[in-house]
Amino acid sequence: MTPDSEQNQANFDFIESELSTPLGGAQISSLEDVRALIAKKHGGQSMGSDDPIWMLYSLFEVFTSDLSVLLSEVETRQSGERDKLKALVGESAKILSEQMQGELSRLSDTLGQIRQNVEASSIEGLLKQQAQFSNELGDLTSKIKRFSSPLYFFTALNWLAVGALYLIMK
């Protein structure tokens, strides 16, 4: 490179010095803070009132103000949505609980019916049915025995009537 081209090159040495010096958690809340930070960063050099940094600070201040308003609006909306969601979740949980209770009740009824069917088809159930059938058959037999003497009497009377009719007809 020629000495003339070196003079035409932009000097970016200040970038390296800015990168090497951290801000150290400085908080900027006023124009005086901006001025003090710049003076600290650049070895005590202050800036004039027509410096473009003032415009950047003003824009930054408007930006942070707008951002603060936007964040508060979002928080308000989120709070409302959160309340709606809590109510919706509560209603959904109630409906789901009622449906589950209904399903559990139907399942309990079905299991009871299955239990009765299994009991009826089991050996014990068959033995119970056989014993009940035997009791009913015994009751029927005793009723028939009670009515057998009149039956025998009427049968004998019927034969006598037939025999008498036969003798008369002859």
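The values are calculated or read from the model by the stated rules, or taken from the named source; none is laboratory data. Source: prediction; values computed, not measured. Accessible surface is based on the protein model in full, side chains and every heavy atom, while ligands, DNA and RNA are left aside. Shrake-Rupley method; radii C 1.70, N 1.55, O 1.52, S 1.80 Å.
Numbers below:
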item: Solvent-accessible area, 1.4 Å probe, carbon plus sulfur percent, for segment 31-85; result: 61 percent
item: Exposure of Met55 as accessible area (Å², to 10), given a probe of 1.4 Å and all protein chains; result: 120 Å²
item: Accessible area (Å², per residue) of segment 96-170, counting only protein heavy atoms and a probe of 1.4 Å; result: 94 Å²
